[in-house]
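Structure, as structure tokens:
The values are calculated or read from the model by the stated rules, or taken from the named source; none is laboratory data. Since the model is a prediction, treat every value here as computed from it, not as a measurement. For neighbour counting, all protein chains shown are included, and Cβ atoms are generated from backbone atoms with ideal geometry for every residue, glycine included.
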Amino acid sequence: MILGDILAKAVGNYENKELILTKSYGPESRGGLCRSELIIDDNPINYPEVTRPDFVLALTQLSCDKYHLDMHPDGVLLVDPMFVRVVPVSVKNVYSIPLTEIAKNITGKEITANIAAAGAMSVLGKFVGLESIKKAIHEHFPQPMHELNEKILSAGVEAARALL
């Protein structure tokens, strides 16, 4: 959910694009499916719902299994192999990056994997620039976290570049 907020700030505040951000949580209060959907365009957006996502980040097997189904045929699926062990053969652009492992190695905290994902998304998704993401992260988190977040972000960028 935080990653959705960061990406929305990056494209809306720093790239002056139109956007719609929606979030949904499963019926479970903890451990259920949740998602952020972000629609980005240079022009006004007429329909506020994602119908064929161009990019899906799946951090669990359950979310991968569910959310890849409606993907655009040329869409990108980014998965964390620590939690997503079976990737769908129907998606041709699948990238596996150990986001959680990267985060744990740099910060010791799995929860920071979303920052590594933001870096990877700036390379693989090409819908938001890295500098815009950096600015949005700095805006979202307090200053003492900036240096560490930049290290995680850079690690995500390098991991994605290594796959291309």
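So for the range 73-81 (the condition being modelled with pLDDT of 95 or more and within 15 Å of Ile152 (Cβ to Cβ)), does at least one residue qualify? There is at least one residue in the range 73-81 that is modelled with pLDDT of 95 or more and within 15 Å of Ile152 (Cβ to Cβ). Tell me whether the range 33-41 contains one or more residues that are over 14 Å from Gly4 (Cβ atoms) and at pLDDT 90 or above. Scanning the range 33-41 turns up at least one residue that is over 14 Å from Gly4 (Cβ atoms) and at pLDDT 90 or above. Of the residues making up the range 110-147, those that are among the β-branched types (Val, Ile, Thr), at pLDDT below 95 and farther than 19 Å from Leu19 by Cα are Ile111, Thr112. Look at the range 69-80 and say how many of its residues are surrounded by 20 or more Cβ atoms within 10 Å (Cβ to Cβ) and closer than 22 Å to Ala116 by Cα. Of the residues in that region, 5 qualify.
When restricted to residues that are assigned to a loop (DSSP other than H, G, I, E, B), among the polar types (S, T, N, Q) and either surrounded by 21 or more Cβ atoms within 10 Å (Cβ to Cβ) or modelled with pLDDT of 95 or more (or both), the range 87-109 contains 0. Taken over the range 111-145, residues that are surrounded by 14 or more Cβ atoms within 10 Å (Cβ to Cβ) and in a helix (DSSP H, G or I) amount to 23.
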